[in-house]
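The values are calculated or read from the model by the stated rules, or taken from the named source; none is laboratory data. What you see is a predicted model; the values in this text were computed from it and never measured. Using ideal geometry, Cβ is built from the backbone for each residue, glycine included, and neighbour counts are taken over all protein chains shown.
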Amino acid sequence: MQKINFLVVLGLLLALTGQAFAQEELKTMTVKLATNETYTILNFATQRPTTKVVPGSLVTLFSENPLEKECNDLSFSFTDKYSFVAEGYMLYCWQRLIHVLVPNNISGSRVELRIISQNIPSEPITAELVSHDPKIIVIDRALFYEDGLVEHQDGHLVSRARPARPGETLNVYMTGLGHPLEFVLATVGGIDVQIIDAGKAPGHYGGWGFDRVVLRVPNSITGDLPLIVSSGPLNRQIQSNRVRLFVRQPE
């Protein structure tokens, strides 16, 4: 598989969105514009409906139909509990998906999101504003597993064809680790792993709202193993989604 870049990630997420809605029935958060277009708020990393928003992270707005208007006609405002209003940055708009970067400078326990189309704001949709909600970015999904955006140090994706090796250092791309960053823990196959680094991803990925966890695979394990990352205070750790990690001994 080719090395990771943002367009590759977006293409994989678009394919996942239809699967998420076809495979589960969840109470979704939707907002209807004056132009009668309806959008559902999704977690960027999992492409599943969400009720939570993390400052400095990404959310996805999903339209049932392909967008007919120019994306430049849209803007996004976030109003926090203290009536402070900040603009969300539209990172990318593609077919049925709009990816919006949540502003860093909002606070409180809730936030109201409005989509502004042709200078007309939508009705507000209220989401829970949380300090952390870690999610590993999912790039493939089946009935019993999800594969995450995990890369080798050479930039290639970890996959069945390019598995991780015991003792190898990997990059795990996520959203919602938290700001300010607190404790980050991870397990592979239920075994604690060494965290080498955690925080905003370097370069363009960090500007896109991605987080990165650099971890070392334990020497003692092989197989198709669940990877889970947790973040937050030690007494209130929140676990991420579970993704499959391929670990094989060198042949």
Can you name every residue in segment 119-130 that is touching a residue at least 40 places away in the same chain (Cβ under 8 Å) and either assigned to a strand (DSSP E or B) or within 17 Å of the chain's Cα centre (by Cα) (or both)? I120, P121, I125, A127, E128, L129, V130
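Tell me, please, whether a residue that is touching a His at 6+ places or on another chain (Cβ under 7 Å) and not assigned by TED's automatic domain parsing to the domain that holds T50 can be found in segment 144-165.
yes
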Can you find, within segment 144-175, the residue that is nearest to Q47 (Cα to Cα) among those that are of a type in the set (F, W, Y) and assigned to a loop (DSSP other than H, G, I, E, B)? Y145
Condition test on R114, is it buried (at least 16 other Cβ atoms within 10 Å of the Cβ), farther than 30 Å from P218 by Cβ and either of a type in the set (F, W, Y) or more than 16 Å from the chain's Cα centre (by Cα) (or both)? yes
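Matching residues to (1) at pLDDT 65 or above; (2) farther than 19 Å from R110 by Cβ; (3) assigned to a strand (DSSP E or B):
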residue	(1), (2), (3)
V31	no, no, yes
N36	no, yes, no
I41	yes, no, yes
T46	yes, yes, no
G56	yes, no, no
T60	yes, yes, yes
L67	no, yes, no
Kindly evaluate L157 against the criterion of being modelled with pLDDT under 95, crowded, with 18+ Cβ neighbours inside 10 Å and touching a Pro at 6+ places or on another chain (Cβ under 7 Å). no
Output for Cβ contacts, cut-off 6 Å, separation at least six or different chains, first residue of a type in the set (K, R) in segment 205-234, second part of a loop (DSSP other than H, G, I, E, B), reads R212/A201
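Select from segment 86-118 the residues that are at pLDDT 85 or above and part of a loop (DSSP other than H, G, I, E, B) and list them in ascending order.
Of everything in segment 86-118, those that are at pLDDT 85 or above and part of a loop (DSSP other than H, G, I, E, B) turn out to be V102, P103, N104, N105, I106, S107, G108, S109.
Which of the residues spanning segment 163-182 are within 19 Å of the chain's Cα centre (by Cα) and over 14 Å from E151 (Cα atoms)?
Correct list: T175, G176, L177, G178, H179, P180, L181, E182.
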The residue from V193, V229, V217 that alone is out of contact with any Lys or Arg (no Cβ under 8 Å at 6 or more places or on another chain), closer than 25 Å to R141 by Cβ and at pLDDT 95 or above is V229
For segment 131-143, how many residues meet the condition of being within 19 Å of the chain's Cα centre (by Cα) and part of a loop (DSSP other than H, G, I, E, B)? 6
Residue check for L170: over 25 Å from L101 (Cα atoms), buried (at least 16 other Cβ atoms within 10 Å of the Cβ) and either touching a Ser or Thr at 6+ places or on another chain (Cβ under 9 Å) or modelled with pLDDT of 95 or more (or both): yes
